[in-house]
């Protein structure tokens, strides 16, 4: 695992994959199968891994946290950045900070909460985490009101933030007053397009972002990295064509649930046996699984075509 501080160059040099974790029948982490997922991602060139919602860190028991992140650090390559999630509640965040203080992770991402918070309270919690853990935080902005732009600016100016995963869904990604305000207030290199491939062309072309996260790219990491290169080259027409390869699986993720679909899609594609989904999640029903399997296998086929062209 990469342990040096995360820089803007790191954020730009790799897509940030957001994979699930494989589970045993008792819902513990299946290390062998999760290692297969990590190996598949790294084989496609991705060197940044974020374990958060797709890995169901929301419901990871505190008693499992230390051994889980230690395993992930060991499973990743020496040049791969591993970003574990913290929180989302203050109790977990407080305990996670103490665990991370004893380790060499360069940053951790605060999971977004859906209840029992105020924006000022979230900012205070982030300051507490950084002070207690000794490492920087990644903000996950998934909804209006979680943090105000001015609070984000203050956290950035106080050098507490590594990056910001921006994931507020808009009907038209180019019409986004919150993102525009953030770009005005802080260095846009902190901002990571955090909703997968669907809005990434607009986030790069309209707001000047230079990095993005991917869930479907866990299945097609080389395609995701090629998309990144195309975006950075500002070939937005070609990038839009590449995005369309990801949309069938992204449609299923949006229709059912992003994390639940991705978990079962990895197994359906034959990358790893992901096992059961840990509660409070549950597996897909038969019709959902059929649609997910079709989309996942189609995307993997496109990934294999890409690899064959590079090898030719």
Seminar exercise, completed: From the option list 229, 197, single residue qualifying as within 20 Å of residue 11 (Cβ to Cβ), in a loop (DSSP other than H, G, I, E, B) and modelled with pLDDT of 95 or more is 197
Exercise. So which residues in the stretch 11-46 are crowded, with 20+ Cβ neighbours inside 10 Å and more than 15 Å from residue 272 (Cβ to Cβ), if there are any at all?
Worked result: 11, 14, 15, 16, 18, 46
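Which of the residues that make up the stretch 69-92 are in a helix (DSSP H, G or I) and either in contact (Cβ under 8 Å) with a residue 40 or more places away in the chain or crowded, with 22+ Cβ neighbours inside 10 Å (or both)? So that I can check it myself, show each step before the final result.
So the first thing to find is which residues in the stretch 69-92 are in a helix (DSSP H, G or I), and the list is 69-75, 90-92.
69, 71, 72, 73, 74, 75 - these are the residues of the stretch 69-92 that are in a helix (DSSP H, G or I) and either in contact (Cβ under 8 Å) with a residue 40 or more places away in the chain or crowded, with 22+ Cβ neighbours inside 10 Å (or both).
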Exercise. In the stretch 56-70, is there at least one residue being in contact with a strand residue (DSSP E or B) (Cβ under 7 Å, 6 or more places away or on another chain) and over 27 Å from residue 250 (Cα atoms)?
Worked result: yes
For this session: Could you please let me know if residue 127 is part of a helix (DSSP H, G or I) and surrounded by fewer than 21 Cβ atoms within 10 Å (Cβ to Cβ)?
Result: yes
Problem set entry | Count - residues of the stretch 73-100 that are within 13 Å of residue 19 (Cβ to Cβ) and touching a helix residue (DSSP H, G or I) at 6+ places or on another chain (Cβ under 7 Å) | 6
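The values are calculated or read from the model by the stated rules, or taken from the named source; none is laboratory data. Since this is a predicted model, take the numbers as computed values, not measurements. Glycine gets a Cβ as well: all are built from the backbone with ideal geometry, and neighbour counts include every protein chain shown.
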